[in-house]
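Please read the structure below before turning to the comments.
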Amino acid sequence: MQRIDKDGRHRETEERLRAGFDRGLAGDGAAYQAFLQELGGYLRAFLRKRLSGLPDDIEDLVQETLIAVHSRRHTYDTGQPLTAWVHAIARYKLVDLLRGRAARDRVSEPFDEESELFAAVDSDAALAKRDVTKLLDQLPERQRLPIVYTKLEGLSVVEAARATGMSESAVKVGVHRGMKALAMMIKGTR
C-alpha cells in the first residue's frame, strides 16, 4: 500500500470536497448534501482541536460555518483552494465566538485591565483569546487595526476607516491581508 503524506491527504480532501461543491453548484442536490455532510466532519475535527474545552460550542460553530458556506457560496473564488476558503469562514466564526465570550465576560465581571481577565479565567476560550491577541500583535498596524475593529469589536468598515484614518478600501485590504497572514502564522505553528 502506498503511503500518503499530509499534502497528499490534503489534496485528496480538497479534490473530493471541491468536486462535491462544484456538482452541488451545478444543481446536483445529492452531491451538495454529501459535500455538506463531509465538510461537517472535516469542520468538527478542525474545531475540536481548537476548542477541546468547549465541546458544546463545537457543533454550534460547525452549523454556523456550514450555513455561512452555503449563504456565501457565490463569493468563492474558483481559482483558490476550497478548503482555504472554508477555513477562513470557520476562523471568522471562531473569532466571533471568542469575541462574544469576551463581551459576556466583561459585562458579568468588570475588570480594570484585559490582563486581569486572562489571569482570572482558566479556560481554553481565554487561552485562545490570548493566543489570538499575541498573533495580532505580530501584524503591522495597517493589518492589525482593521481586524481588531471589524472582526473583534464589530465595527463596520466605514466606522473602522474613521477610527484608523484609513480609507474603506485600505481597511478591507488590511483585513484580507491580515487574516491571510494570521492563517499562515497559525499554519506554521501547528
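Within segment 153-166, can one find any residue that is out of contact with any His (no Cβ under 7 Å at 6 or more places or on another chain), over 16 Å from Tyr92 (Cα atoms), free of Cβ contacts under 8 Å to residues at least 24 places away in the same chain and of a type in the set (Ser, Thr, Tyr)? Looking for residues that are out of contact with any His (no Cβ under 7 Å at 6 or more places or on another chain), over 16 Å from Tyr92 (Cα atoms), free of Cβ contacts under 8 Å to residues at least 24 places away in the same chain and of a type in the set (Ser, Thr, Tyr), one finds at least one in segment 153-166, hence yes.
Rundown of residues vs (1) surrounded by 13 or more Cβ atoms within 10 Å (Cβ to Cβ); (2) at negative phi; (3) at pLDDT 90 or above; (4) not acidic (Asp, Glu), yes/no style:
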| position | (1), (2), (3), (4) |
| --- | --- |
| Ala128 | yes, yes, no, yes |
| Val132 | yes, yes, no, yes |
| Thr150 | yes, yes, no, yes |
| Ala170 | yes, yes, yes, yes |
| Lys187 | no, yes, no, yes |
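Kindly evaluate Ile89 against the criterion of being surrounded by 18 or more Cβ atoms within 10 Å (Cβ to Cβ), modelled with pLDDT of 85 or more and assigned to a helix (DSSP H, G or I). Yes: the conditions hold for Ile89.
Might you check whether a residue that is of a type outside the set (D, E, K, R) and at pLDDT 80 or above occurs anywhere in segment 97-120?
Within segment 97-120 (the criterion being of a type outside the set (D, E, K, R) and at pLDDT 80 or above), the answer is yes, since at least one residue qualifies.
The values are calculated or read from the model by the stated rules, or taken from the named source; none is laboratory data. Keep in mind that this is a model prediction, so the values were computed, not measured. Quick reminder, even Gly has a Cβ in these numbers, built from the backbone with ideal geometry, and neighbours come from all protein chains shown.
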